[in-house]
Amino acid sequence: MGNRCPSESVGKTLKILTKKWYLEILFDLFNGKKHFNEFKKDKPTLLNKTLARCLQELEENGFIEKHVDENDISNTSYSLTREGQLLNGIIYEIIVYSMESEKTSSYYNEKEKENMKTHFKKILNLP
């Protein structure tokens with residue numbers, strides 16, 4: 001690898017992940033949401049058309065996969081691919097940042113922060 005910097009691949013990844021709603025959808029998947037309406041539940045401004053486009057683009061970029069029940073098309077679900085699961089550490093660090101940031105650190109006491117860190121490490125399969 002030498003002195004090469006992976007700036008091109010980092011830039012491409014950031015361009016994908018920083019699109020509106022993408023990280024929130026991935027976070028929902030990490031938290032066990034799987035179905036279209038579950039993603040919309042706490043996002044009243046997320047339009048159906050926008051969510052469908054985001055899910056399609058996340059699938060096309062290899063972060064998620066779509067599972068369609070042959071017997072019931074309305075029972076479509078989504079899951080993280082191996083590529084999507086590689087984002088575990090990033091998602092965890094965003095969670096930690098949101099708890100420790102000066103803007104939000106007063107929302108949680110130290111015990112709550114530690115409990116949430118433990119909880120998310122478990123969900124995200126981190127050591």
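Here, each number is a calculation from the coordinates, and none is a lab measurement. This is a predicted model, so every value here is computed, not measured. When we count neighbours, we look across all protein chains shown, and the Cβ atoms used for this are built from the backbone with ideal geometry, even at glycine.
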Number of the condition not met by residue 33 [criteria: (1) in a helix (DSSP H, G or I); (2) surrounded by 11 or more Cβ atoms within 10 Å (Cβ to Cβ)]:
(1)
With the checklist (1) in a helix (DSSP H, G or I); (2) farther than 22 Å from residue 123 by Cβ; (3) without any contact (Cβ under 8 Å) to a residue 12 or more places away in the chain; (4) not charged (D, E, K, R) in hand, flag the one item residue 16 doesn't pass.
(3)
